[in-house]
1. Could you work out how much longer the chain between GLU126 and VAL194 gets when fully extended? Use 0.36 nm per residue separation minus the Cα distance between them, nm to one decimal.
2. For segment 87-206, what is the relative contact order in percent, using Cα pairs closer than 8 Å and at least 6 residues apart in sequence?
3. Quick one: what do you get for segment 130-222 if you divide its Cα Rg by 2.2 N^0.38 Å?
4. Out of GLY29, PHE110, GLY124, whose Cα points farthest toward the positive end of the dipole of the chain (charges: +1 Lys, Arg; -1 Asp, Glu; placed on Cβ)?
5. Can you tell me the relative contact order of the chain? Whole percent, Cα pairs under 8 Å, sequence separation 6 or more.
6. Mind grabbing the base-10 log of I(q)/I(0) for segment 79-193 at q = 0.15, 0.21 Å⁻¹? Debye formula, identical points on the C-alpha positions, no solvent, two decimal places.
7. If I take R0 = 30 Å and measure r between the Cβ atoms of THR106 and HIS210 in this structure, what FRET efficiency does the formula 1/(1 + (r/R0)^6) give, to the nearest 0.05?
8. Grab the alpha carbons of the chain, take their convex hull, and tell me the volume per residue in Å³.
Amino acid sequence: MSKRENVSMSVIRRLPRYYRFLTHLKKMGMTRISSKELSEKMGLTASQIRQDLNCFGGFGQQGYGYIVDQLQREIGGILGLSNSYKAILIGAGNLGQALALHMAFTTQGFQLVGIFDNSPSKIGTEINGITVTDTQRLKEFCEAEQPAMAILCIPRESAEKLSEQLYSLGIRSFWNFSHFDISMKYPDAVVENVHLNDSLMTLCYRISDHQEGKDDSDDTAV
């Protein structure tokens, strides 16, 4: 099923969650599910689920629900998970190593083909079957392999220069763990920013807010 234009990012960001839940249901042996049942499992409304899926065409049928296996495959197709976009990882530190070792790139639409670092202690080592290469060889490697996406696990002060080089080498997609805003400099680039500190601070706020709510409740208790 082909994508439709003008689908909001909020809908797109829910698709991986649908895919994850449906994959789990499929593994459990569930063959059919209604929007109401799916909403109860996901904490969304049945109406929201139907609206989201209707952005991409007709799914399921009234009174019957969705065929789990079919819907999972359809959403996987919309997400493009059968693609094998070549990706390179810049930064073989702790975070980069964790991603290279534990991310299932091949089931997420990507193929990790290269890992780069500028540290002599890391260059030449092997991570999950891929030899860490000197960043000085990026141009040579990219010209030969034509990767579509770069994963940046480097400090902000290094990210600006490296993203500029990668962009000049034809890379227009970034999974960005640095704090450098690539989109501001390259508006045509496709960027997914991952700010772990922001996420942790958001959690801290939510815990504080929840605790304050409990404290206020205790103050007004009779």
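1. Gain in length upon complete extension: 22.0 nm.
2. RCO, segment 87-206: 21 percent.
3. So segment 130-222 has a normalised radius of gyration of 1.67.
4. Highest projection toward the positive end goes to GLY29.
5. 13
6. For the requested q values the scattering log ratios are -0.59, -1.23.
7. 0.15
8. Cα convex hull per residue, to the nearest whole number: 191 Å³.
The values are calculated or read from the model by the stated rules, or taken from the named source; none is laboratory data. On a predicted model such as this, the values are computed, not experimentally measured, just so you know. Cβ coordinates were reconstructed from backbone atoms using ideal geometry, including for glycine residues, and neighbour counts include every protein chain displayed. When the accessible area is computed, the model is the full protein with side chains, heavy atoms only, and any ligands, DNA or RNA have been set aside. Shrake-Rupley method; radii C 1.70, N 1.55, O 1.52, S 1.80 Å.
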